[in-house]
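Below is one structure, written out as structure tokens; comments come after it.
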Amino acid sequence: MKHILSFVIAIFVVGGVMSQNVGLGIDVKLPAHPRLLMLKGEEVALKKNIRSDSYWTALHNDFLKEADKVLSIPVHQKQMEGKRMERYEAMRRTFLLGYAYRMTRQQKYAVRAEQELLCVSAYDSWNPSHFLDVAETTMALAIGYDWFFDFLPEASKGIIRTAIIEKGLKASLNEKDAWFLRSRNNWNQVCNAGMLYGALAVFENDRQFCADIVNRTLQTITLPMQEYAPQGAYPEGPGYWGYGTTYNVFVIAALEKALGTDFGLSEAPGFMQTGLYTQALITPSLYMFNYSDNGARAGFAPGVFWFYSKLKDPSLLYYQKKLYETNTQKTYLTNRWLILALLFGAGSHASLANPTEPTSLMYAATGTTPVAAMRSGWSEGHTFLGIKFGSASTGHAHMDVGSFIFEADGVRWAYDFGGENYNRLETRGVDLWGMAQTSQRWDVFRYRTQAHNTLCFNDKPQLVKARAELTDSGNRDGVMYAAGDLSAIYADQLLDVRRAVSLVDKKYAVIQDQFTTAGQFTKVCWNMLTEADKVTFITDTTALLEKEGKKLYLRVDAPFLVRFYTRGVTPTNTYDSPNTAGRFVGFEADLALNTTQQVTVYLMPDKEVAQPKKTYSFN
């Protein structure tokens, strides 16, 4: 026990942070099992809510059908893929079978769940070198132990309980593997969630040990929660929001149910606003502003319903309704966190039938990864413009500082490749997680400066440790805009670099850049990845992009000659994933020495605007 406490103290002496929330004692009285997420007897009210809403009735029935499918397939066995253990299925099956058992009381689900839990308990280890595997496996067994407590025989409970303690909780005492306690990213949130659930599930077995684990979680999860300040933007992007924030929700929900309080965690600056962040970064055609290691397609996000349960803001459900209804293949049933939609969506009378369309067309947030998004509207066919700043040194970031995306008429005229397949690269020996300027990470095609919709000077990469701030944003006179200072990102190449993006009259985008050069030669490359299937250069300063009969005019206004180009997206490294779609379009130009110059690029859907506005002044 001293080991746990001294470890926590060491972390927070170094970090200069000490929460006042710690103080769970060994005499605390916890509810009887089940106590995690859904207390005993709460099934009655949940069933009533589900029956009163056709959306929740349908999802409930699909959930039960999915549980029935588990009964007809083999028990899940340990599987390794590179350095990672497959951990998702254990949690998905536990929630499916647990929900089905608690809502129907049919013992066939409990019988199968016992087999699954004993199988996972018997694994030789839960792969502590990649502690996410330990965390999610611990959480899966904790839920199973808790939800099936009244069914499991004592012998099985003993096996499962021992596995939770020995392979889960005690594994977190190894400081080398438990580095997540000092991190400010999703690892902290996920791993702390797993340990918290394990400790609450077996609390009576060793009160002091489990209380120390709970208190350690209360202390250390404050680190990533500080990253939501001030407006709720998640530093690792919208996809990783779905991972880290969902587990943060799991933490708070478990504390509230088992202990009656979240110890003030939800009051962290920006946290309750973060549901707006993930919504604002979904485009009208249901893609995401997928900067850094994030996937392109938006998906049904169960964690959003927890925020709805607290805020009762029906606009949070606007895109969740669309994502649910348009997913005709029902792939959301493979989501291991789907239970949250039922517990907190149906549980709080959230209505997917009548969500409210959000009223704000502009979102801007500072913080670790500043980001801005602006749109002409929320429904299909409207325009969307987004830009991100920040640093390549942030978790899962690319050399994509200053990168933007632009969608209009359902076409992604400017988009991003998003993340790579980690296992593909790691098994080929790529040092994917080195964050030095010369790390092999920056040789990966999708991570390079040249693969993003940003600026590149003299073919050099952005500076990894530098960061760019969002310096200005607003919405006035028919113009939504966001501007940032990129000077530090290119400090080894230019004296000053600024970028501003604007959405004008809800119709077209304006990208403005200002450069201040020194006395050495500087070539600028202005790059954009597009899904246009045809590019025609109709003048020296205008290009026509086309896709399926839709058009975008790209016009350049610059005090220097520009050299247009189109380039393929095939990587040069054999370890890179092949890019089967898209092309780069942009231009290069030589900048004058010892001067400040501006270039403005207009992205005009459908037709050219005769006299488009420059819109933003850097001075």
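The values are calculated or read from the model by the stated rules, or taken from the named source; none is laboratory data. Keep in mind that what you see is a predicted model, and the values were worked out from it rather than measured. Please note: Cβ atoms are built from the backbone with ideal geometry, for glycine as well, and neighbour counts cover all protein chains shown. The area values use the complete protein model at the heavy-atom level, side chains included, leaving out ligands, DNA and RNA. Shrake-Rupley method; radii C 1.70, N 1.55, O 1.52, S 1.80 Å.
Data for the structure
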item	result
In nm, spacing of pseudo-spin labels at residue 428 and residue 334 (7 Å Cα→C-beta vector)	2.3 nm
Accessible area of residue 469 in the full protein assembly, 1.4 Å probe (Å², nearest 10)	80 Å²
Pairwise label distance in nanometres, residue 492 with residue 54, each label 7 Å out on the Cα-Cβ vector	6.1 nm
Proximal aspartates and glutamates to residue 29, defined as alpha-carbon separation beneath 20 angstrom and excluding residues fewer than eight positions away on the same chain	42, 146, 150, 204, 206, 212, 256, 262
0 to 90° range, to nearest 10: angle between helix 88-104 axis and the chain longest Cα axis	50 degrees
Efficiency of FRET from Cβ geometry, residue 475 and residue 122, R₀ 60 Å, rounded to 0.05	0.55
Whole-number percent relative contact order across the chain, with pairs defined as alpha carbons under 8 Å at least 6 apart	10 percent
Listed residue pairs exceeding 24 Å between alpha carbons, taken from 465/613; 257/312; 551/614	465/613
Share of carbon and sulfur in the accessible heavy-atom surface of the chain [1.4 Å probe, %]	51 percent
Probe 1.4 Å - accessible area at residue 69, Å² to nearest ten	120 Å²
Long-range HN-HN contacts of residue 537 with modeled amide H, under 5 Å	544
Reachable aspartates and glutamates from residue 523, criterion Cα separation under 20 angstrom, eight or more residues apart if same chain	400, 459, 485, 492, 496, 513, 540, 557, 588, 590
Spread of Cα-to-Cα distances over 5 Å intervals beginning at zero, given as percent, for region 238-393	2, 8, 18, 23, 22, 15, 9, 3, 1, 0
FRET efficiency for residue 563 and residue 27, using Cβ-Cβ distance with R0 set to 56 Å, rounded to 0.05	0.15
Square roots of five times the Cα gyration tensor eigenvalues for region 315-388, Å	26, 16, 14
Cβ-derived FRET efficiency at R0 56 Å, residue 537 paired with residue 207, nearest 0.05	0.15
Eligible aspartates and glutamates near residue 330 by straight Cα distance, threshold 13 Å, same-chain separation 8 or greater	62, 66
Whole-angstrom gap from region 236-283 to region 423-492, using each part's C-alpha centre	27 Å
In nm, spacing of pseudo-spin labels at residue 45 and residue 580 (7 Å Cα→C-beta vector)	4.8 nm
Cα centroid separation, region 558-601 to region 133-148 (Å)	49 Å
Label assignment, Cα extents along the principal axes in Å derived from the structure, set [x] 99, 66, 44; [y] 79, 51, 45; [z] 91, 66, 42	[y]
Isolated Cys residues of the chain, judged by Cβ distance under 4.7 Å to other cysteines	119, 191, 210
Whole-Å distance, taken between Cα centres, linking region 106-123 and region 338-359	31 Å
